[in-house]
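Colleague: First the structure, which I've put down as structure tokens, then a few questions once you've had a look.
The values are calculated or read from the model by the stated rules, or taken from the named source; none is laboratory data. Since the model is a prediction, treat every value here as computed from it, not as a measurement. Cβ placement follows ideal geometry from the backbone for every residue including glycine, while neighbour counts extend to all protein chains displayed.
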Amino acid sequence: MAYRALSEEEAKEYALGIPGLFEQGAQLTSREIGDGNLNLVFHLQDKKSDRSVIFKQALPYARVVGESWPLSLDRARIESEALQLQHEILPGLVPKVYHFDKELSLTIMEDLSDHIILRKGLIEAKTYPEFAKHIGHFIAHTTFYQSDFFLAPEVKKQKLAEFINPDLCKITEDLVFTDPYYNAEKNSFNPLIEEQVKELWVNQELKGQVAQLKYKFLTATEALIHGDLHTGSIFVTSASTKVIDPEFAYFGPIGFDIGAVFANFVLNFAAQEVRIKNVEQRNVYQQYLLESIHQIWDVFEQQFTLLSLSQATDPSLRNEAFVQQFIQQVKEDALGFAGCKVIRRVVGLAHVADLDTIVDDTERAYAEKLSLYVGQQLILHRQKWAKEQSISAPIRSSFQQ
Ligand code: SR1
Ligand code: MG
């Protein structure tokens with residue numbers, strides 16, 4: 001079937017044509033529930049058996065802007081292949097893919113409606129005791145098994161070619177590393193923080209450091225990374241974590257995924273500064289956010305080290321001093337990328353609900369200014385902070401300044 005964007009009715013018909021997806025005589029309901037920036041998402045459910053699945057279909061343009069921003073449909077193939085690879089490595093931490101239709105750029109996958117989006121949970125100041133362990137484990141394993149530490153060089157190069165993702169990388173290159181640092185048309189920010197944003201645009205030291213991070217994003221091919229690991233790409237319950245949406249996947253710097261999670265915890269920290277009015281409750285919750293950052297790093301570091309020293313297929317890379325130095329560089333990158341990702345969510349095109357749903361403009365501006373300050377500190381001091389005993393301590397101090 002040639003590509004066309006499905007309607008709710010067409011999604012239903014399509015589902016009934018896939019053998020084994022639903023039982024014979026299924027009575028399907030179909031609802032388009034996509035609220036993201038790029039794609040269509042349908043929830044299909046059989047009223048008789050209660051079985052449900054998710055249809056995710058790429059549109060040939062960015063949904064958030066419209067047809068004036070064309071985007072390659074190949075991102076759907078990349079997403080479904082990345083999901084399947086991640087599922088082979090860590091079946092418990094990603095949804096199962098049931099079917100992929102290349103022509104329609106359509107992936108049918110497990111419905112995770114029993115989970116909630118982590119961003120929503122964090123906005124409501126909920127805690128997830130297993131999350132930091134799960135995501136540290138996810139990043140360590142998915143990157144290790146898709147890196148030069150594990151893949152034979154010719155296989156790595158073949159995969160690198162399969163995961164060339166120019167359109168989606170360009171979105172990141174522009175929206176994360178370029179636009180926030182000049183008066184770009186796509187930028188969008190609270191007028192109450194105009195002064196702080198204009199300061200960014202003339203901060204040459206900062207722009208030089210961002211150039212270094214952008215260059216790393218453009219050129220490093222360390223591992224197949226998720227590429228957009230914000231808290232809207234993660235489903236959780238108190239006991240379970242599922243990572244979704246790897247359509248930005250490409251061979252890039254490992255610190256980019258870690259930095260994305262850190263950034264979203266930092267943004268939530270800043271937002272809670274005005275959201276939680278009770279000081280004691282706020283302190284307790286913000287402490288939880290910092291401890292999560294700490295634990296994510298610890299778990300990643302321990303597991304990536306262990307995997308590298310026990311399972312690296314190239315004996316010359318299975319070298320303790322090298323692995324230690326490599327991980328130290330990932331830590332520094334993660335802090336810097338986190339800073340860039342914090343700043344882009346305040347100044348750039350795509351924001352986060354943590355901040356945007358603060359109703360009072362002045363309160364929102366306060367949390368946004370705080371985010372901008374900490375974001376800059378993360379970029380400027382990443383080398384020094386990466387050497388400190390605790391990864392979260394300098395972030396806390398920076399919030400207190
Ligand atoms: C036009 S897409 C805007 C943002 O949404 C995605 O989730 C990525 O973060 C992208 O930068
Ligand atoms: Mg997404």
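Colleague: I want to confirm something. Restricting to the range 216-235 and keeping residues that are touching a helix residue (DSSP H, G or I) at 6+ places or on another chain (Cβ under 9 Å) and of a type in the set (Ser, Thr, Tyr), which single residue is nearest to Asn264 (Cα to Cα)?
Modeller: Here the answer is Thr231.
Colleague: Identify all residues within the range 210-231 that are in a helix (DSSP H, G or I) and surrounded by fewer than 21 Cβ atoms within 10 Å (Cβ to Cβ); write none if there are none.
Modeller: Scanning the range 210-231 gives Ala211, Gln212, Lys214, Tyr215, Lys216, Leu218, Thr219.
Colleague: Looking at the range 194-209 only, could you name the residues that are assigned to a helix (DSSP H, G or I), out of contact with any Gly (no Cβ under 8 Å at 6 or more places or on another chain) and farther than 13 Å from Leu372 by Cα?
Modeller: The answer is Gln204, Glu205, Lys207, Gly208.
Colleague: Within the range 175-189, does at least one residue satisfy the condition of being surrounded by 14 or more Cβ atoms within 10 Å (Cβ to Cβ), among the charged types (D, E, K, R), under 25 Å from Asp257 (Cα atoms) and touching a residue at least 60 places away in the same chain (Cβ under 8 Å)?
Modeller: So far as the range 175-189 goes, yes, one or more of its residues are surrounded by 14 or more Cβ atoms within 10 Å (Cβ to Cβ), among the charged types (D, E, K, R), under 25 Å from Asp257 (Cα atoms) and touching a residue at least 60 places away in the same chain (Cβ under 8 Å).
Colleague: Then there's this: Name the single residue, out of those in the range 234-270 being closer than 17 Å to His141 by Cβ and among the polar types (S, T, N, Q), that is farthest from ligand 1 (Cβ to nearest atom).
Modeller: Ser240
Colleague: While we're on this one: Pick out, from the range 50-154, the helices (runs of 4 or more DSSP H) lying fully within it that include 2 or more residues that are among the hydroxyl-bearing types (Ser, Thr, Tyr) and in the same structural domain as Phe235 (by TED's automatic domain parsing).
Modeller: Of the helices (runs of 4 or more DSSP H) lying wholly inside the range 50-154, those with at least 2 residues that are among the hydroxyl-bearing types (Ser, Thr, Tyr) and in the same structural domain as Phe235 (by TED's automatic domain parsing) span 131-144.
Colleague: If you don't mind, there's one more thing I want to ask. Name the pairs: first residue in the range 44-69 and among the acidic types (Asp, Glu), second residue in a strand (DSSP E or B), Cβ to Cβ under 8 Å, at least 6 apart or on different chains?
Modeller: Asp46/Leu28; Asp46/Ser52; Glu67/Tyr61
Colleague: If a residue has to be crowded, with 19+ Cβ neighbours inside 10 Å, among the aliphatic types (A, V, I, L, M) and closer than 27 Å to Gln272 by Cα to count, how many in the range 113-149 make the cut?
Modeller: 6
Colleague: Please work out if Phe269 is of a type in the set (Phe, Trp, Tyr) and either surrounded by fewer than 20 Cβ atoms within 10 Å (Cβ to Cβ) or in contact with a Lys or Arg (Cβ under 6 Å, 6 or more places away or on another chain) (or both).
Modeller: no
Colleague: Across the range 382-401, what is the number of residues that are assigned to a helix (DSSP H, G or I) and within 14 Å of Ser292 (Cα to Cα)?
Modeller: 3
Colleague: Identify, please: which residue in the range 229-251 is within 12 Å of ligand 2 (Cβ to nearest atom) and either hydroxyl-bearing (Ser, Thr, Tyr) or in contact with a Phe, Trp or Tyr (Cβ under 9 Å, 6 or more places away or on another chain) (or both) and is, among those, farthest from Ile117 (Cα to Cα)?
Modeller: Ala249
Colleague: Do you know which of the residues in the range 24-42 that are at pLDDT 95 or above and charged (D, E, K, R) is farthest from ligand 1 (Cβ to nearest atom)?
Modeller: Arg31
Colleague: Please identify the pairs in which a residue from the range 15-39 that is polar (S, T, N, Q) has its Cβ atom under 7 Å from the Cβ atom of a residue that is within 16 Å of ligand 2 (Cβ to nearest atom) and outside any strand (DSSP E or B), counting only partners at least 6 apart or on another chain.
Modeller: That search, which allows pairs on different chains as well, returns Asn37/Arg63; Asn37/Val64; Asn37/Ala350; Asn39/Leu59; Asn39/Arg63.
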